[in-house]
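Structure first, then comments.
The values are calculated or read from the model by the stated rules, or taken from the named source; none is laboratory data. What you see is a predicted model, and the numbers here were worked out from it, not measured in a lab. For neighbour counting, all protein chains shown are included, and Cβ atoms are generated from backbone atoms with ideal geometry for every residue, glycine included. Areas reflect the complete protein model, heavy atoms only, side chains present, ligands, DNA and RNA absent. Shrake-Rupley method; radii C 1.70, N 1.55, O 1.52, S 1.80 Å.
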Amino acid sequence: MPLLRPTAILRAALKQWKDVNWLSTLNLPKSAFPARASAAQLQEYRQQCADDLYAWQRAHRPSGNDFVLHDGPPYGNGAVHVGHALNKVLKDLILRWELAKGRKVQYRPGWDCHGLPIELKALQQARTQREEARTLEDAPGEEAAVAGGIGMTAVEIRQRARELAAETIEVQKRSFREWGVMGEWDGPYKTMDRDFEIRQLGVFREMVKKGLISRHHRPVYWSPSSRTALAEAELEYDESH
């Protein structure tokens, strides 16, 4: 029986303090903010802190002390990853720091829409389901089969690559805006736009006129399977070869 006495004491203590409002004994600050914002509130906060803030400073900050951030564009061939997050968040921090110093900032995001990876992804998409193609990683072993074009002409390949880039840009853009990154998201530049390509050709023409372009014989990396030149960063070596 004596062994049960502590249990009885604990029960009596619990009964005594059961109805105590412990929250009232804490000196906590009072706030009208909810503990967790709803989805609609989060969207409103992002709108105010990003799009509305960017539009306000473009309209009200005086010119003459502008800060222009030139965007090194991401590649329009897949979903966003941690590298995109690091890139965009750091750029947004720079913009907000300059904005806090009283400067008028300008940031026009863009996308790179050309290159071999997006063409391979477009060809893979042509022979797989659309959702599977989005997550299909580049497989060097499949290049020979994919690069054959599965009977598609060069014009058809370019058209499919353009469609894939346009779709991917919208997916990435939604993610960037959800991160609260401010910028001119309604008017980004895309390297596949006709006016952009025309301007690039104009710049190249001026470089030729000034003698800045020359032709030489130099060794280049070549992909037999893809039938194209490769940059050094695109090389992948088979360790078990």
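Tabulated data for the structure shown
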{"quantity": "Residues of type lysines that residue 101 reaches as a straight line, Cα spacing below 29 Å, ignoring anything fewer than 8 places off in the same chain", "calculated": "88, 91, 173"}
{"quantity": "Extension gain from residue 235 to residue 26, taking 0.36 nm per residue of separation minus the Cα-Cα distance", "calculated": "69.0 nm"}
{"quantity": "Loop trypsin sites (Lys or Arg not before Pro), the range 59-130, which have at most 14 other Cβ atoms in a 10 Å radius of their Cβ (DSSP)", "calculated": "101"}
{"quantity": "Label-zone membership for the range 162-176, site residue 196, 7 angstrom Cα→C-beta point, backbone N under 15 Å", "calculated": "162-173"}
{"quantity": "Accessible heavy-atom area order of 69, 42, highest first, probe of 1.4 Å", "calculated": "42, 69"}
{"quantity": "Sites residue 158 and residue 206 - FRET efficiency at Förster radius 30 Å, r taken between beta-carbons, to 0.05", "calculated": "0.70"}
